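Visitor: What follows is a structure written as structure tokens; I'll ask about it next.
The values are calculated or read from the model by the stated rules, or taken from the named source; none is laboratory data. Worth saying up front: this structure is predicted, and the values here are computed from it rather than measured. Please note: Cβ atoms are built from the backbone with ideal geometry, for glycine as well, and neighbour counts cover all protein chains shown. Areas reflect the complete protein model, heavy atoms only, side chains present, ligands, DNA and RNA absent. Shrake-Rupley method; radii C 1.70, N 1.55, O 1.52, S 1.80 Å.
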Amino acid sequence: MGFMTNKRILITGVASNRSIAWGAAQAMRREGAELAFTYQGEKLQGRVTDLAASCDSNIVLPLDVSSDEQINVCFDSLAEHWDGLDGIVHSIAFAPKEELEGNYVDVLTREGSRVAHDISSYSFAALAKAGRDMMRGLNGALIAMSYLGAVRAVPNYNVMGVAKASLEANVRYLAAALGPEGTRVNAISAGPIRTLAAAGIADFRSMLKQVEERTPLRRNVTIDEVGNAAAFLCSDLASGITGDITYVDTGYHILGLG
Ligand code: 0WD
């Protein structure tokens, strides 16, 4: 029996079979979880429906996290399928491409900052709020995806790093607020992985190369490795862990001078 048997988990942020959310979905399904998926925009509906089917799921709901209405409709629809919810995977981020290239101060705008924080950080708290009643008392867990740029100044990551710092603070505040109801909240800080979102970051290839050359394990991390950690953190095996950031980055974050 898998360690997520009888867990019902909502997976957001699947854009392709390279998405980190897809790594989480596959690991959780393998460990016995029942899954529901969201997709952003009609263009992704078919692809996410097919990926969901391969995880024996036919719960596939539209969700653009910039819309309160879509968030509410999504959880109302989910409640028609399930009478409770054991976990939410938040694997969503966005910042305008122009802000992910060059000098932070040169490219920063008020609007870019607003959008990056709204989609990449606030939305995590918004999902926690919308899912609260379905999760209350079930000893469930929320998980978000962060990156080292939250705590270090990484070239080109710019406003997304600031938004990830906000996301990590959200993890702590949500953990403190929802812990008394039995809900745990954590994030994984993943190493760089070639996905659609990563393609928006300037010079991403050299980031992958630099990590591979210097990191203790001398290779980049995979979506399966991040997925396995996400499954663990959303399972009862992690029942004593909340409010934390777990690095799944082949050890890169421990380095000082190379
Ligand atoms: O190197 C990487 N790929 C890392 C990613 C390293 C460390 C962390 N992360 C984080 C990202 O910042 C993000 O929070 O992992 C999370 C997932 O990212 P991913 O798997 O790398 O990217 P991708 O496969 O593109 O999925 C992210 C998806 C979007 O994809 P696109 O490429 O279409 O932007 O987030 C979704 C969308 O499907 N998304 C939204 N979903 C709902 N509402 C929204 C939105 N407004 N905006 C983006």
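Visitor: Taking Cα pairs under 8 Å and at least six residues apart, what relative contact order does the chain come out at, in percent? The partial results should precede the final answer.
Guide: Values: 536 pairs, mean separation 54.4, N = 258.
Result for the chain is 21 percent.
Visitor: Work out from phi, with θ = phi - 60° and the Karplus expression 6.51 cos²θ - 1.76 cosθ + 1.60, the ³J(HN,Hα) of each residue of the range 20-36, listed in order in whole Hz, and give x for Gly and Pro.
Guide: Going residue by residue, I get 4, 4, 6, x, 5, 4, 5, 5, 5, 5, 4, 8, x, 6, 8, 10, 10 Hz, with x marking Gly and Pro.
Visitor: Do any trypsin sites (Lys or Arg not before Pro) in the range 99-157 lie in a DSSP loop with no more than 12 other beta carbon atoms within 10 Å, and if so, which? List each step's numbers first, then the result.
Guide: Working: sites: R110, R114, K129, R132, R136, R152; in loops: R136, R152.
Answer in residue order: R152.
Visitor: Provide the per-residue ³J(HN,Hα) series for the range 137-154, in order, calculated from phi with Karplus coefficients 6.51, -1.76, 1.60 and θ = phi - 60°, each as a whole number of Hz, with x at glycine and proline positions.
Guide: x, 9, 6, x, 8, 10, 9, 10, 10, 10, 8, 3, x, 5, 10, 9, 7, 9
Visitor: Using only Cα atoms, figure out Rg for the range 89-234 and give it as a multiple of 2.2 N^0.38 Å.
Guide: On the way: Rg = 15.9 Å, N = 146, 2.2 N^0.38 = 14.6 Å.
After normalising by residue count via 2.2 N^0.38 Å, the value is 1.09.
Visitor: How large is log10 of I(q)/I(0) for the range 151-258 at q = 0.15, 0.21 Å⁻¹ when the intensity is taken from the Debye formula with one equal scatterer per alpha-carbon?
Guide: -0.73, -1.23
Visitor: Expressed as an acute angle from 0 to 90° and rounded to the nearest 10, what is the orientation of the C-alpha long axis of helix 68-81 relative to the principal long axis of the chain?
Guide: Relative to the chain, helix 68-81 is tipped by roughly 40 degrees.
Visitor: Among the listed pairs K7/K129; K43/K97; K97/K164; K43/K209, give every one whose C-alpha distance is greater than 27 Å. Write down the numbers at each step before the final one.
Guide: Details: K7/K129 19 Å; K43/K97 20 Å; K97/K164 16 Å; K43/K209 32 Å.
Long pairs (Cα-Cα over 27 Å): K43/K209.
Visitor: Let me ask something additional. Would you please give the residues with an amide H less than 5 Å from that of F37, counting only those at least 5 places away or on a separate chain, with H modeled from the backbone geometry?
Guide: Counting only residues 5 or more places away or on other chains, the set is I11, I59, V60, L61.
Visitor: Expressed as a rounded percentage, what relative contact order does the range 122-248 have, with Cα pairs under 8 Å and six or more residues apart? Numbers along the way, then the final one.
Guide: On the way: 185 pairs, mean separation 39.4, N = 127.
This gives 31 percent for the range 122-248.
Visitor: Here is a further query. For the range 175-189, what does the Karplus curve 6.51 cos²θ - 1.76 cosθ + 1.60, with θ = phi - 60°, yield as ³J(HN,Hα) per residue in whole Hz, taken in order and with x for Gly and Pro?
Guide: Calculated HN-Hα couplings, in order: 4, 5, 6, 9, x, x, 8, x, 8, 9, 9, 9, 9, 9, 9 Hz.
Visitor: Can you list the residues, at least 5 places off or on another chain, whose amide H is less than 5 Å from the amide H of I88, using H built in the peptide plane?
Guide: The answer is L10, A141, L142, I143.
Visitor: How far, in degrees from 0 to 90, does helix 204-214 lean away from the longest principal axis of the Cα atoms of the chain, to the nearest 10?
Guide: 80 degrees
Visitor: Moving on to the next point. Tell me, what is the FRET efficiency for A79 and R218 to the nearest 0.05, using R0 = 35 angstrom and their Cβ-Cβ distance as r?
Guide: Values: r = 47 Å, r/R0 = 1.33.
That pair, A79 with R218, gives E of 0.15.
Visitor: Related question: If one takes the longest principal axis of the Cα atoms in the chain, at what angle in degrees, from 0 to 90 and to the nearest 10, does the Cα axis of helix 123-135 lie?
Guide: Rounded to the nearest ten degrees, it is 20.
Visitor: Tell me the net charge near A15. Cut-off is 15 Å between Cβ atoms, A15 excluded, with +1 for each Lys or Arg and -1 for each Asp or Glu.
Guide: Working: positive: R18, K43, R47, R194; negative: E42, D50, D64.
Combined, the nearby Lys, Arg, Asp and Glu give +1.
Visitor: Here is a further query. Farthest toward the dipole's positive end in the range 141-237, which of G182, A230, N158, given Cβ charges of +1 (Lys, Arg) and -1 (Asp, Glu) about the Cα centre?
Guide: Among G182, A230, N158, the one farthest towards the positive end of the dipole of the range 141-237 is N158.
Visitor: I would also like to ask the following. Label-point separation (nm) for N17 and A177, each offset 7 Å from Cα along Cα-to-Cβ?
Guide: Placing both labels 7 Å beyond Cα along the Cβ direction yields 3.8 nm.
Visitor: Still on this structure, I have one more. How big is the C-alpha Rg of the range 1-157 next to the rule-of-thumb value 2.2 N^0.38 Å, as a ratio? Please list the in-between numbers first.
Guide: Working: Rg = 16.4 Å, N = 157, 2.2 N^0.38 = 15.0 Å.
Cα Rg divided by the expected 2.2 N^0.38 Å: 1.09.
Visitor: Which order, highest average first, do 228-241, 26-39 follow once you tally other Cβ atoms within 10 Å for each residue and take the mean per peptide?
Guide: In decreasing order of mean packing, 228-241, 26-39 become 26-39, 228-241.
Visitor: Rolling a 1.4 angstrom probe over the protein heavy atoms, how many square angstrom per residue are accessible across the chain? Present the calculation step by step, with values, prior to reporting the outcome.
Guide: Details: 12140 Å² over 258 residues.
I get 47 Å² per residue for the chain.
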